[in-house]
Structures are given as C-alpha cells and as structure tokens.
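Below is one structure, written out as structure tokens; the observations come after it.
The values are calculated or read from the model by the stated rules, or taken from the named source; none is laboratory data. All values derive from a computational prediction rather than experimental measurement. When we count neighbours, we look across all protein chains shown, and the Cβ atoms used for this are built from the backbone with ideal geometry, even at glycine. Accessible surface areas use protein heavy atoms only, side chains included; no ligands, DNA or RNA. Shrake-Rupley method; radii C 1.70, N 1.55, O 1.52, S 1.80 Å.
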Amino acid sequence: MIGVGEIGRALVDGLCGGAGRPPEILLSPRGADTAAELARRYPNVRVCAGNQDVVDGSDVVILAVRPQDRAEALAGLRVGGDRVVVSLMAGVGIDELRRTLRTEVPLVRAIPLPAVRARRSVTVTYPAHPVVDALFDGLGGALPVADEARFGVFSALTATLTSHYWYLATLTAWAARQGVPAEAADRYVRGLFQGVARSLGDGTRSLRQLAGDHETPNGSNERIRTTWFDAANAESLTGALDALLADLRRSS
C-alpha cells in the first residue's frame, strides 16, 4: 500500500481482523506515523524504505495517496510482472493512471469506505478483476460496475457521507438550543439513527418503502419530510451531485 491515511488504516484493520491467516502487508513510508503504528499492532505488517520496495514485494499494489500528491508519489515508479494495481484516487481515470505509471499491468479503480475496517463496506470497483473483487468481498463485498462513467456516479454518491453526519450534528445542536443537555441530545440522535441504519439491511423493501413505513399520514415524520425536504431541497441536492459528477468526469 502506497499512502497510509484513514482509508489505508481502515483497509489494514479489515484485512488483519478477519478470519483465517491475514496476508503480508507492505506499507510505504508515506504517512509514517500511521504506518509505524500499524506495524507495531500487526505482525504481518511491515513498513518499507520506499515506494518501489512496496511494489517489488507485492502481488497487489494499492495506491491510496491523495490525488493531488500522485505526481510526487508515483514519479519513477516501475510496475511490471503479474502485479495488479488498485487505485483509490478519486477523479484519476484508468487512462491517466496508465500514462503516469507507463505500465500494461491490470489497473482497477475502487472506492472503499471506512467501514471496511469492520468488513461491512460494499466497495465499488472498475473494471471487474477476480483478485481485486475477492479482496473486497472479504471486506464486506465488491460491487463491480460496467464502465468508468458509472463508477463516477458512485464516486459522487460517496461525497454525501459527511453531509449525513452534519445533518445529525444539526439535529443535536437544535435540541441543545431547546434546553436539552448536549450529551443527552447526542446520545439520543446516535441511537435513533443507528436503529434506522439497521433497517437498511432489509433488502426486500425499497428506500421509499422504508420511509413510508416510518410515517403515518399527516404525522410528524411526514410533516418534516414534506416541509423541509421539499422539491426545492431535493433539486438543490441533485444539482450539487450533477456538478460534482461533471467535475469528476472532466478530471478523469
């Protein structure tokens, strides 16, 4: 793994915490503090002297550097043989990555989320590759897509993650302004939406059905949904996603 940030740490935790013997994992010195901490925790994890050492010792090479750092991190890197490269860099297309690395080895893009740490994250991949999809199947499931354009749609969807947390933080702050102790409001909102999240495991009901099942006609849930999350609100969200997707496709 070249680049050891939050997603890199989550991947290592997930790979080392599953059943069976974990794989040998080589980390680049980028993100030195995190890499050293992971090497101390897991006997199968080792920090290499440089990025080329990671490549030379690996069957699967995961590029987890920030997109804006890719020129520096990948400069002069030689990738050959029967290796597979997995890129986690948002907005960096397969063609651009192949030009940067000057290699003909298989290149796969992937969007792992922090939940890979608990092996509960569905990871979108493109193109499908048996080795890569098997790796992510062990971390919660692989979801290969047919083309890079659709991959970009999923990449845009992941950008809504922190908006969800901020929505919950706004609810907690509102309750605190009404005189509820902040700790109590935080505990209640967390518990409320953890329960809602569990209902998402029921794949027999659509998301709209789940919403309907939590509403009564003219009830409180329906009132907030129709007065706050109205057509203008939905259109604003759709417009923001459209603009992000256009940017992602231009950069790819």
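Residue-wise HN-Hα couplings along the stretch 169-174, as the Karplus relation 6.51 cos²θ - 1.76 cosθ + 1.60 with θ = phi - 60° gives them from phi, are 5, 5, 4, 5, 5, 4 Hz; Gly and Pro carry x.
Each principal axis of the Cα cloud of the stretch 113-185 was taken in turn, and the coordinate range along them, longest first, works out to 55, 26, 9 Å. In the chain, a dipole from Cβ-located charges (positive for Lys and Arg, negative for Asp and Glu) runs towards its positive end, and of LEU244, LEU11, VAL65 it is LEU11 whose Cα lies farthest in that direction.
Compactness check for the chain: Cα Rg over 2.2 N^0.38 Å is 1.17. Grab every C-alpha pair in the stretch 126-252, bin the distances at 10 angstrom width from 0 up to the longest one, and report whole percents. With 10 Å bins starting at 0, P(r) equals 10, 25, 36, 21, 7, 0. When a 1.4 Å probe is rolled over the protein heavy atoms, the share of accessible surface on the chain that falls to carbon and sulfur comes to 55 percent.
With both labels modelled 7 Å from their Cα along Cα-to-Cβ, the TRP174 to ALA240 distance reads 1.6 nm.
Model label points for ASP137 and ARG205, set 7 angstrom from Cα along the Cα-to-Cβ axis, are 3.1 nm apart. Here the scattering of the stretch 55-203 is modelled by Debye summation over its C-alpha atoms, one equal scatterer each and no solvent; at q = 0.13, 0.14 Å⁻¹ the log10 of I(q)/I(0) is -0.71, -0.78. The charge dipole of the chain, taken about its Cα centre with unit charges on the Cβ of Lys, Arg, Asp and Glu (plus for the first two, minus for the last two), comes to roughly 340 debye. Between LEU161 and ALA118, the contour length at 0.36 nm per residue exceeds the Cα-Cα span by 13.8 nm.
3J(HN,Hα) along the stretch 202-209, derived from phi through the Karplus expression 6.51 cos²θ - 1.76 cosθ + 1.60 where θ = phi - 60°, amounts to 8, x, 7, 10, 5, 4, 5, 5 Hz, with x in place of Gly and Pro. One equal scatterer on each Cα of the stretch 1-94, no solvent, Debye formula: the resulting log10 I(q)/I(0) at q = 0.13, 0.17, 0.18, 0.24 Å⁻¹ is -0.40, -0.69, -0.78, -1.37. To the nearest 0.05, how large is the calculated FRET efficiency for ASP247 and GLU72 if R₀ is 25 Å and r is the Cβ-Cβ distance? Working from the Cβ atoms, E equals 0.65. When the helices of the chain are scored as -39500 (n - 2.57) per DSSP H run of n ≥ 4 and the total is divided over every residue, the value at 222 nm lands at -15500 deg cm²/dmol. Counting heavy atoms of the protein chains alone, ILE25 has an accessible area of about 10 Å² for a 1.4 Å probe. Close amide H partners of ALA142, meaning residues 5 or more places away or on another chain with modelled amide H under 5 Å apart, are THR123, ASP137. Between amide H atoms placed 1.01 Å from N, distances below 5 Å from VAL47 occur with LEU27, all of them 5 or more places distant or on a separate chain. In the chain, the DSSP beta bridges split such that about 20 percent are antiparallel, to the nearest 5.
The phi-based Karplus calculation (6.51 cos²θ - 1.76 cosθ + 1.60; θ = phi - 60°) puts the 3J(HN,Hα) values of the stretch 34-41 at 5, 4, 5, 5, 5, 5, 6, 7 Hz, whole numbers, x for Gly and Pro. For the stretch 168-211, dividing the convex hull volume of the Cα atoms by the residue count gives 64 Å³ per residue. Residue separation of ASN218 and PHE193 scaled by 0.36 nm, minus their Cα-Cα distance, works out to 6.8 nm of gained length. Only Lys, Arg, Asp and Glu carry charge here, each on its Cβ (+1 for the first two, -1 for the last two); on that basis the stretch 33-135 has a dipole of about 300 debye about its Cα centre.
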